[in-house]
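J.: This is the structure I have questions about; it appears just below.
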Amino acid sequence: MTNISFPEPTITAVSKPFWDKINEKQFYLQQCEECKQWVFYPRAHCPNCFSAKLTWKEASGQGKLKSWSIVHRAGHPAWQERTPYAVGVVQLAEGTSLLTHLLINEQELRYQLPVEISFQQLNERLLPFFQKKGD
């Protein structure tokens, strides 16, 4: 087994509330107070109406698989021993999408597969991965 650490997310002042909630095994997203659209990735202004009035609210952690890829050659040495693994785009119930690691057997991956969040410990940090709903 390698001693290489997994890369950590880049945490900024804007994204810190997201990562703080993930550390508590809670899933929060920003929602615009003006147009009510949910926002992900964390940002200072709404990408829909450009309002700076974004509030952190608890999200469902539920969604459907939109797209995926199986990684055979990892972009970082720490991930190589875990290949092959799946990454995908999840359309969250709130409407926004996110790119994430999938904890789903390759043969079970399919378009619109219902998924839910699964908090996984890597290094000293919890990360939001997604698994098949009900697993």
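J.: With a point put 7 Å past each Cα toward its Cβ, work out how far Lys66 is from Asn105 in nm, to one decimal.
T.: In this crude spin-label approximation the distance works out to 2.8 nm.
J.: Per residue of the range 34-45, what does 6.51 cos²θ - 1.76 cosθ + 1.60 with θ = phi - 60° give for ³J(HN,Hα)? Whole Hz please, x for Gly and Pro, Karplus curve as stated.
T.: Rounded to whole hertz, the list is 7, 9, 6, 6, 7, 10, 8, 7, x, 8, 7, 9.
J.: Over the chain, what is the mean sequence separation of C-alpha contacts under 8 Å (at least six apart), divided by residue count, expressed as relative contact order in percent?
T.: 22
J.: On to the next question. With every protein chain kept in the model, how would you rank His101, His45 by accessible area, 1.4 Å probe, largest at the top?
T.: From most accessible down to least: His45, His101.
J.: Please compute the modelled spin-label separation between Ile4 and Ala44, points set 7 Å along Cα→Cβ, answer in nm with one decimal.
T.: Here the modelled spin labels are 3.5 nm apart.
J.: What does the extension gain come out to for Gln120 and Arg73, with contour length at 0.36 nm per residue minus their alpha carbon separation?
T.: Full extension from Gln120 to Arg73 adds 14.8 nm.
J.: Give me the number: length gained by fully extending Thr83 to Ala13, i.e. 0.36 nm times residue separation minus the C-alpha to C-alpha distance, one decimal in nm.
T.: Stretched fully, the Thr83-Ala13 segment lengthens by 21.9 nm.
J.: Which one is right for this structure if Rg/Rh (Cα atoms, Kirkwood Rh) is calculated from it: [x] 1.05; [y] 0.98; [z] 1.01?
T.: [y]
J.: What figure, in Å² to the nearest 10, do you get for the accessible area of Ser69 with a 1.4 Å probe and non-protein molecules left out?
T.: Accessible area of Ser69: about 60 Å².
J.: Summing -39500 (n - 2.57) over the DSSP H runs of n ≥ 4 in the chain and dividing by its residue number, what mean residue ellipticity at 222 nm do you reach, to the nearest 500 deg cm²/dmol?
T.: Computed ellipticity for the chain at 222 nm equals -2000 deg cm²/dmol.
The values are calculated or read from the model by the stated rules, or taken from the named source; none is laboratory data. Note that the coordinates shown come from a computational prediction; the quantities given were computed from them, not determined experimentally. Using ideal geometry, Cβ is built from the backbone for each residue, glycine included, and neighbour counts are taken over all protein chains shown. Keep in mind that these areas ignore ligands, DNA and RNA; they rest on the heavy atoms of the full protein, side chains included. Shrake-Rupley method; radii C 1.70, N 1.55, O 1.52, S 1.80 Å.
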